[in-house]
Amino acid sequence: MCGIVGYIGKRNTQNVLIEGLKKLEYRGYDSAGIAVFTDKGLEIAKAKGRLANLETKLENTPLIGSVGIGHTRWATHGKPSDVNSHPHTDDSHKFSVVHNGIIENYLELKEELIAEGHTFVSETDTEVISHLIAREYEGDIVKAVQKAISHMRGAYALGVLTEYEPNKLVAVRQASPLIIGVGEDENFIGSDIPAILEYTRNVYILNDGEMAVLTQDAVELMTIEGNFISREMIRVDWDAATAEKGGFEHFMLKEIHEQPKAYRDTMRGRIDASGKHVVLPELKLNSEQIKNIRNVQIVACGTAYHAGLVGRSVIEQLVKIPVETDVASEYRYRSPIITPETLVIVVSQSGETTDTLAALREAQSHGAHVLAITNVVGSSIARDADDVITTLAGPEIAVASTKAYTSQLIAFYLLGLYLAEVRGTQTPEQIAHIIAAMQALPEQVEKMLSQADAIKDFAEQISKHEDLFFIGRGLDYAVAQEGSLKLKEISYIHSEAYPAGELKHGTLALIEDEIPVIALATQESVLEKTVSNIKEVKARGAEVMAITFEEHVAGLLKSVDQAFAIITHIVP
Ligand code: BG6
């Protein structure tokens, strides 16, 4: 996730871009840059780190002009650095591009362009776009952009400028958000409404496959094939703070709702066109090394540890290798048996957690290959690991992890399927079946999220309690542990997650009248056993809420007080 802005009008363009980027820093903040058409031509300023670094740079050498584009980055391809920051340009420096999204086929396009004589300076996928536009330019920037994007696969919101047509700003949207702000004798583009709200409340929302051509006094909307579109302008009446949270009450809620997009982005380019194979071109681990893996150790803290508990099941079931999951702060003190045939997977949203980093070093000191699953390209863990799978969830502003956790689960499935194919532990049909289930997931989660009001009612009931239990078996127990952590962290309600079959060995004594129990019952193989554990707590007076499949809701309602349906399940 990155943020883009663009401006054409009579104001101080640099200020409009910087102020807009400040409102988009929640979308990414590892580097930033702007391009402004000045009296010297297209001039670009970029700086690694927070936006303040760019502002400091611009204090000495401001870019004065009336059209410009800007970008705040959350790295996906190439570490955060000045050179990888946007805007990107071509060999002639006559074209400039800001991009939010992922170009899936950038490597093949890059090879093609290099063979044609183009020179690349960055590690990004975006630089391919500026070279493509330059190659296709024959005197009309709109046509050049249309031709360029016809070669691209993936997600992109773009802002494009060329020195040849300095009175135009071209914007494109395909699977990444983009809005157009309409002012008087000035127009804007932005990844999100807050970027432009200070200047105008009149907005067009672009849909996928649409583009806009902005001049100072006009906005033309068209499809990427060039057919003009007429669209009603929206009048935004949110205040700036609400707009920044996309209309949600707080960032955590916004990020919960961003999960479908986080899944799509994490899977993008990692499942081949046939839908039958996982491809992880970023992995250095070769087939030989994969076949030699004797055991896997997953090490992480907090929520990432809970993702690792699911990862253990996924890898054991798909790859048939023994897996242990460790809390990172314990790992190095238990003298784990690590050999060069051990694959150690460290999981960390931030990529900076000290205990996880220490575990990584411990594992490397014993010769293990360390693979990191992290959400932050260029983080300490990403830099030090031997291999990295990046979750493309975008920055998580809320302290409590939501979209990053579930994206870590997607990463484990991708990895598990990839290892299974190399080691031949699953049939092609089984692999294709799971891939299809994963691809259906974003839409199913969207449906799940539409039940938010019913879940809110339930949350209000349990908010009056001091203690709560989560129970489940297998993967349900792993998820229960994360549910319990969230409840403690966010609601300050004491809760415990228990393997459903273990309660009877003592803890059942704490189940009293009306104590809430959330029972996860999504594992077909242990459903009956879970139901009998539910009966045990019901017999002691608990109020039970079950989470299960649609088809089991009616049956479970005979034993529980309430039941929520999840739409489907991913089955190894
Ligand atoms: C803790 C946070 O400090 O770190 C948890 O409170 C988080 O929410 C844990 O899961 C691990 O963080 P990371 O960035 O390594 O995934």
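The values are calculated or read from the model by the stated rules, or taken from the named source; none is laboratory data. Computed from a predicted structure; not experimentally measured. All Cβ positions, glycine included, derive from the backbone under ideal geometry; neighbour counts span all protein chains shown.
Taking the criterion of being part of a loop (DSSP other than H, G, I, E, B), near the ligand (Cβ under 10 Å from one of its atoms) and among the small types (Gly, Ala, Ser), the residues of region 372-422 that qualify are Ser379, Ala398, Ala400, Ser401.
Flag set for Ile431, criterion: away from the ligand (no atom under 16 Å from the Cβ), touching an Asp or Glu at 6+ places or on another chain (Cβ under 8 Å) and either within 30 Å of Glu512 (Cα to Cα) or at pLDDT 95 or above (or both). Scanning region 355-367 for residues that are without any contact (Cβ under 8 Å) to a residue 40 or more places away in the chain and more than 11 Å from the ligand (Cβ to nearest atom) returns Ala358, Arg361, Glu362, Gln364, Ser365, His366, Gly367.
The set of residues in region 255-304 that are in a helix (DSSP H, G or I) and either of a type in the set (A, V, I, L, M) or more than 21 Å from the chain's Cα centre (by Cα) (or both) comprises Ile256, Ala262, Met267, Ser287, Glu288, Gln289, Ile290, Lys291, Asn292, Ala304. Counting only residues that are modelled with pLDDT under 95 and of a type in the set (D, E, K, R), region 455-485 holds 6 of them. Taking every residue in region 385-406 that is more than 30 Å from Ser491 (Cα to Cα) and free of Cβ contacts under 8 Å to residues at least 40 places away in the same chain and pairing it with any residue that is outside any loop (DSSP other than H, G, I, E, B) and more than 13 Å from the ligand (Cβ to nearest atom), at least 6 positions away or on another chain, the pairs with Cβ-Cβ distances below 7 Å are Ala385/Val370; Ala385/Leu371. Only a single item in (1) touching a Leu at 6+ places or on another chain (Cβ under 7 Å); (2) more than 15 Å from Thr89 (Cβ to Cβ); (3) touching a residue at least 40 places away in the same chain (Cβ under 8 Å) is not met by Ala47, and it is number (3). Taking the criterion of being within 16 Å of the ligand (Cβ to nearest atom) and in contact (Cβ under 8 Å) with a residue 40 or more places away in the chain, the residues of region 309-354 that qualify are Leu309, Val310, Gly311, Val344, Ile345, Val346, Val347, Ser348, Gln349, Thr353.
Can you name the residue in region 331-364 that is within 28 Å of the chain's Cα centre (by Cα) and assigned to a loop (DSSP other than H, G, I, E, B) and, of all such residues, is surrounded by the fewest Cβ atoms within 10 Å (Cβ to Cβ)? Going through the qualifying residues, I end up with Glu352. Can you confirm whether Glu249 is farther than 30 Å from Asn375 by Cα and either surrounded by fewer than 21 Cβ atoms within 10 Å (Cβ to Cβ) or modelled with pLDDT of 95 or more (or both)? Considered against the rule, which asks whether it is farther than 30 Å from Asn375 by Cα and either surrounded by fewer than 21 Cβ atoms within 10 Å (Cβ to Cβ) or modelled with pLDDT of 95 or more (or both), Glu249 comes out as no.
Counting the residues of region 470-506 that are over 22 Å from Ser313 (Cα atoms) and either within 16 Å of the ligand (Cβ to nearest atom) or free of Cβ contacts under 8 Å to residues at least 12 places away in the same chain (or both) gives 9. Scanning region 384-398 for residues that are touching a strand residue (DSSP E or B) at 6+ places or on another chain (Cβ under 9 Å) and either crowded, with 23+ Cβ neighbours inside 10 Å or under 28 Å from Gln259 (Cβ atoms) (or both) yields Ala385, Asp387, Val388, Ile389, Thr390, Thr391, Leu392.
Within region 263-289, if we keep just the residues that are without any contact (Cβ under 8 Å) to a residue 12 or more places away in the chain and of a type in the set (Asp, Glu), the residue that is surrounded by the most Cβ atoms within 10 Å (Cβ to Cβ) turns out to be Asp272. Looking only at residues in region 227-243 that are assigned to a helix (DSSP H, G or I) and touching a residue at least 12 places away in the same chain (Cβ under 8 Å), the one that is nearest to Tyr26 (Cα to Cα) is Ala243.
Answer yes or no: is there a residue in region 290-306 that is on the phi > 0 side of the Ramachandran plot, buried (at least 17 other Cβ atoms within 10 Å of the Cβ) and more than 16 Å from the ligand (Cβ to nearest atom). No, that holds for no residue.
Looking across region 46-60 at every residue that is closer than 11 Å to His71 by Cβ and of a type in the set (A, V, I, L, M, F, W, C), the one that is nearest to the chain's Cα centre (by Cα) is identified as Leu51.
Return yes or no: is Val128 surrounded by fewer than 22 Cβ atoms within 10 Å (Cβ to Cβ) and among the β-branched types (Val, Ile, Thr)? Against the criterion (surrounded by fewer than 22 Cβ atoms within 10 Å (Cβ to Cβ) and among the β-branched types (Val, Ile, Thr)), Val128 does not qualify.
What about Thr162, is it farther than 16 Å from Gly70 by Cα and at pLDDT 95 or above? No.
Within region 6-57, the set of residues being closer than 23 Å to Thr76 by Cβ and of a type in the set (Phe, Trp, Tyr) comprises Tyr26, Tyr29.
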